[in-house]
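The values are calculated or read from the model by the stated rules, or taken from the named source; none is laboratory data. It should be emphasised that the depicted structure is a prediction, and the values quoted were computed from it without experimental measurement. Cβ coordinates were reconstructed from backbone atoms using ideal geometry, including for glycine residues, and neighbour counts include every protein chain displayed.
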Amino acid sequence: MVILLAVLVVGGLVWLVQSRSGRDAPARQAGADAAWVPTRPFEGRTISEADIAGGRIVVSGLTKHYQDVKAVDDLSFAVEPGRVTGFLGPNGAGKTTTLRMLLGLVAPTAGIATIGGVRYADLDEPARRAGGVLEASAAHKGRTGRDHLRIICRATGAPLARADEVLEVVGLAAAGRRKFGGYSLGMRQRLGVAAALIGDPQVLVLDEPANGLDPDGIRWMRDLLRALAAGGRTVLVSSHQLAEVEQLADDLIIIAAGRLVAQGSLASVVGSISHGGRTLVRTPDVAKLTAALDGDAVVTPAGTDEVYVTGVDAAAIGDAARRAGIAIHQLVTQRPDLEDAFLELTKGKAAIR
Ligand SMILES: Nc1ncnc2c1ncn2[C@@H]1O[C@H](COP(=O)(O)OP(=O)(O)OP(=O)(O)O)[C@@H](O)[C@H]1O
Ligand SMILES: [Mg+2]
């Protein structure tokens, strides 16, 4: 019995397709274990300069039309090795479609997506170059997580012992011998990551990997992805959890309605939006404070006895209150965060198509 799950092992599947079509199949099958260089990537190995150069993702003019829906519309961006790049956009923006095109699962209507200058389908050793955790895949309900991974090891030419290594990395060592049908959502997510890591890939592409993870799991995922990027790998991760992305990502790509709306470092994207910050003021005399502030101040209600003030800084508000003899119970300056930037940048473009 086969069920659909939130795990996709791109490398293994493409390798299987390629080997069925005859490309390199006998050599890989015969010499797979002997040719495999044990990498032990999570014990300090860093990838070489050449590997790092090979891990750059470039998307150029990428377009995908489904009937009259422009799921992805002339999208261009680059993702750098050694960094975690957050891939953001409202529901239906085209994130999953873009990642699927990058991993050779969907043919673009136009444009190209490359890893190290080569399309995924043309990579020599796809499982070693790029690992993906996307939305849907088939897995056997009655099979253990460990057996699931061992099958992928066989398909990709990795030694079977690699299954136990990656189970350990994702914190599933104890659950590895339990049947997949009994896995929780978070366990399935972890198994998906384990599968993607089997080939110790240079490039890791993850579609909403934090879904279903508990707080401990979210921190684990953050630490893992940061460690992979610190070792020179390219990490591209889509997410709707903006507070988490703020802690995780170095760079951002934001799309809406299939098109690029922002690209750059986290700081530059958040810093690009119009309002430079606001001050939350709590006072028992809101009306008097409003009258006391100078003409540049814009006051908006925030709650009982609370207002947001923009246009003047906290010092100016405090001085004005002192001059007018108004008590101030709280004065907090709030800088714009990623949520503010995201909402402003995607405003009016968020409609699900
Ligand atoms: N196979 C398909 N057939 C028809 N339309 C599709 C197909 N795949 C995606 N689309 C459409 O393309 C658009 C982009 O979808 P996509 O899944 O890429 O968005 P997303 O950014 O991943 O959204 P979410 O945040 O909800 O996961 C949507 O309008 C969707 O309905
Ligand atoms: Mg999606």
Check: Quick one: in segment 64-84, which of the residues that are touching a residue at least 12 places away in the same chain (Cβ under 8 Å) and among the acidic types (Asp, Glu) is nearest to ligand 1 (Cβ to nearest atom)?
Finding: ASP73
Checklist line | Top-ranked residue in segment 236-254 [being away from ligand 1 (no atom under 16 Å from the Cβ) and closer than 11 Å to GLY86 by Cα; ranked as surrounded by the fewest Cβ atoms within 10 Å (Cβ to Cβ)] | finding: GLN247
Next item on the list: Please specify each residue of segment 173-209 satisfying the condition of being crowded, with 22+ Cβ neighbours inside 10 Å and hydrophobic (A, V, I, L, M, F, W, C).
Entry: PHE180, LEU191, VAL193, ALA194, ALA195, ALA196, LEU197, ILE198, VAL203, LEU204, VAL205, LEU206
Check: What's the number of the condition ARG233 fails, among (1) of a type outside the set (A, V, I, L, M, F, W, C); (2) more than 16 Å from ligand 2 (Cβ to nearest atom); (3) over 25 Å from PHE77 (Cα atoms); (4) buried (at least 19 other Cβ atoms within 10 Å of the Cβ)?
Finding: (3)
Next item on the list: Among residues belonging to segment 108-128 that are touching a residue at least 60 places away in the same chain (Cβ under 8 Å) and surrounded by 17 or more Cβ atoms within 10 Å (Cβ to Cβ), point out the one that is farthest from ligand 1 (Cβ to nearest atom).
Entry: ARG128
Check: Taking segment 85-107 as the search range and keeping residues that are near ligand 1 (Cβ under 9 Å from one of its atoms) and in a helix (DSSP H, G or I), which one is surrounded by the most Cβ atoms within 10 Å (Cβ to Cβ)?
Finding: THR98
Next item on the list: Select the helices (runs of 4 or more DSSP H) contained entirely in segment 148-262, then report the ones holding at least 3 residues which are under 17 Å from the mean Cα position of the chain (by Cα) and under 25 Å from ARG128 (Cα atoms).
Entry: 185-197, 215-230
Next item on the list: Quick one: which residue in ALA257, ALA297 is within 16 Å of ligand 2 (Cβ to nearest atom), buried (at least 18 other Cβ atoms within 10 Å of the Cβ) and either at positive phi or outside the structural domain of ARG188 (by TED's automatic domain parsing) (or both)?
Entry: ALA257
Margin query: Cβ-Cβ distance below 7 Å, separation of 6 or more or different chains: which pairs start in segment 207-228 with a residue that is β-branched (Val, Ile, Thr) and end on one that is within 16 Å of ligand 1 (Cβ to nearest atom) and at pLDDT 90 or above?
Written below: ILE218/GLU244
Check: Out of curiosity, is ALA243 touching a residue at least 24 places away in the same chain (Cβ under 8 Å), assigned by TED's automatic domain parsing to the domain that holds ARG150 and either more than 16 Å from ligand 2 (Cβ to nearest atom) or under 25 Å from VAL118 (Cβ atoms) (or both)?
Finding: yes
